[in-house]
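Report on the following structure.
The values are calculated or read from the model by the stated rules, or taken from the named source; none is laboratory data. What you see is a predicted model, and the numbers here were worked out from it, not measured in a lab. Here the Cβ is made from the backbone with ideal geometry for all residues, glycine too, and neighbour counts use every protein chain on show. Accessible surface areas use protein heavy atoms only, side chains included; no ligands, DNA or RNA. Shrake-Rupley method; radii C 1.70, N 1.55, O 1.52, S 1.80 Å.
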Amino acid sequence: MVVYICSFTERGALCEERLFRCFPEITWVSKRYGVATDGCPPLKNQIPPPINDFLAEAFRKRLPVVFIGSTGIAVRLSADYVKDKFFDSPVIVMDTKQQFVIPLLSGHIGGANELACMFSDRLNAIPVITTASDVEKKFAVDLFAKRNGFSILNRDAVKYVTAKILCDQTVRIWIHPEISFPADGIPSDVVVVSGETPPDDTDIVVLKDDEVCGEYDNLHTVVLFPKLYCIGIGCKRGKTFDELQLFLSKSLPESIIENMYAIASIDIKKSEIGLMELAQYHHIPFLTYTADDLAAIPGNFSESQFVLEKTGVSNVCERSSVKCAFENQAETFMEEARTDIDGVLVYRKIAGDGMTVAVAKRKLKKLIW
């Protein structure tokens, strides 16, 4: 994960350094110090960018921003970049004694609330969560969508469903019959309705794919459909977010890019900043696998002796996309996929300028409440 961080005083700088030590798994981009990679302290001899350029870059990539200082400073500096709650950078502020951690923007979809709780836990601080559904411990449809890898067809409807829940009204959810879900653990403010098609008074509709979304475009009904495409990527070291983003847009249709479930690669790329930023921009997981894991995937793949010598496996993009599609799936799907790899691989290896991409289509796993 890549996180931008900004402080304004010497005490704030000490807080930054504590965060670097406490969270070595995060790649920190600091206005004061530059970039910290692989858990090492950042370079202090780099010239810091102007604050506006620094924040503009973070918001352009939809990356988390942590302010160490007053809430007022964080609000004023962020104001010019705030556009859409579903795509804004998650913004968190903490005081210079690191007593309180406050998520200000993108608490759910951006993950600011989750990050704030993670920071608080390790810093022994108090998370100040103000999102109504979290405070009331209610079901949150946008979090439900994020955790299950769903797209939200009609985002404006989320506020209507949320309002019902916060008024202690029960919401009705219809789940496509082909999608399995645990009967236990259903939130108390949710009732699952049955039928081949959703009743007219359904509040949330869960589809098996995006082929029939148009039929349910209702102002007050949240329509969810699964993101089905696993994007396997291989690349030379140091490929930037912009290079990777441009390569994807040239290589794949928009319908695939809008429906990405995860980005996958080999584990030697797990600290590749460009790939991490690309996944965070699209609010999807970045998954990596060992060479042995990838080599164990059966099927006929595009082979490269050069890639084999560099990584220990003859193909990264195709194998990682299929591995991602296999994860947490039923054995029947895995057996079908092994005998018909072309039925899983939607796009085989596409190469260009030191980057490769392939796309595999997954089946939706059991829902998580």
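Counting only strands (runs of 3 or more DSSP E) that sit wholly inside the stretch 130-195, not one has at least 1 residues that are in contact with a His (Cβ under 6 Å, 6 or more places away or on another chain). For Cys117, the conditions (1) under 18 Å from the mean Cα position of the chain (by Cα); (2) buried (at least 17 other Cβ atoms within 10 Å of the Cβ) all hold with the exception of (2). Which residues, taken from the stretch 278-306, are more than 18 Å from Ile350 (Cα to Cα) and of a type in the set (Phe, Trp, Tyr)? The answer is Tyr281, Phe286, Tyr289.
The set of residues from the stretch 240-270 being touching a strand residue (DSSP E or B) at 6+ places or on another chain (Cβ under 7 Å) and either of a type in the set (Gly, Ala, Ser) or on the phi > 0 side of the Ramachandran plot (or both) comprises Ser251, Ala262, Ala264, Ser265.
Of the residues Thr96, Thr71, Thr131, which is in contact with a Lys or Arg (Cβ under 6 Å, 6 or more places away or on another chain) and either of a type in the set (D, E, K, R) or farther than 19 Å from Phe241 by Cβ (or both)?
Thr96
Can you give me the number of residues within the stretch 284-313 that are more than 21 Å from Ser271 (Cα to Cα) and either open to solvent by less than 50 Å² (accessible area, probe 1.4 Å) or in contact (Cβ under 8 Å) with a residue 60 or more places away in the chain (or both)? Result for the stretch 284-313: 6.
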